Amino acid sequence: MDLFLSPHNDDETLFGAFTILKHRPIVVVVFYPDPRSGDPATRLRETTLACRLLGAAGYKQGGVLQEPADARECSHEKLMEIQGFLEMLDQQEKPERVWAPAMSPNGNAEHAAVGHQAAVVFGDRVTHYHTYHGGRKVVQQNRPVPYEPSWIRLKHLALACYGSQYEKAGRHFMEDLREWYA
């Protein structure tokens, strides 16, 4: 059993589509969708559909609440909440491999927090993947992720599931598209 840890709904598709297509892990979204950013039920439906398109072995939604939008780092209490959630996952799923965000000091604080706590809980079973830090290249452990050409179309079909995100994050989706077609 393998797990792919996605901090937020849509991160699994933006940063892990090829890993999910290749390894078919259970996708676990750690943070519950922030109601300040739209209807959580919509985000849950979007993630369910995207994970199906990518062939994930399953999808689980965590209940960790997000920090305020202006937070530059996660509080100690939030780190402990993330760690507790991941420890519960480890007990339930007993994963052999886990993919988690890289711990980039200049990236998204919640991504880094999930990556850090995953390293604490899962140790050497973790492979870190890059999110926004270092550009938009799909990278794991500082190496490009191999992919099959047909996966590009599947990734973009999965990105299209996130209609609620176009106004907020659509530029990230389009940057990806322009990169692959260049």
Practice task
Based on the mean of other Cβ atoms within 10 Å per residue, sort peptides 56-62, 16-22, 149-155 so the most packed one is first.
Solution key: 16-22, 56-62, 149-155
Handout entry: Distant-in-sequence amide H partners of G62 (H built 1.01 Å from N, under 5 Å)
Key = V29, V30
Handout entry: Alpha-carbon radius of gyration plus Dmax, which is the widest Cα pair, for region 1-147 in Å
Key = 13.9, 38
Exercise for the section: Report, by chain and number, residues whose modeled amide H sits under 5 Å from the one on W99, excluding near sequence neighbours (fewer than 5 apart, same chain). Expected result: L3, F4, L5, T127
Problem - Additional length obtainable on full extension of the chain from T42 to L79, 0.36 nm per residue less Cα span - result: 10.7 nm
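All of the numbers you see were taken from the coordinates with simple rules; none came from a lab. These figures come from a predicted structure and were not determined experimentally. Glycine also receives a Cβ, built like all others from the backbone with ideal geometry; neighbour counts cover every protein chain displayed.
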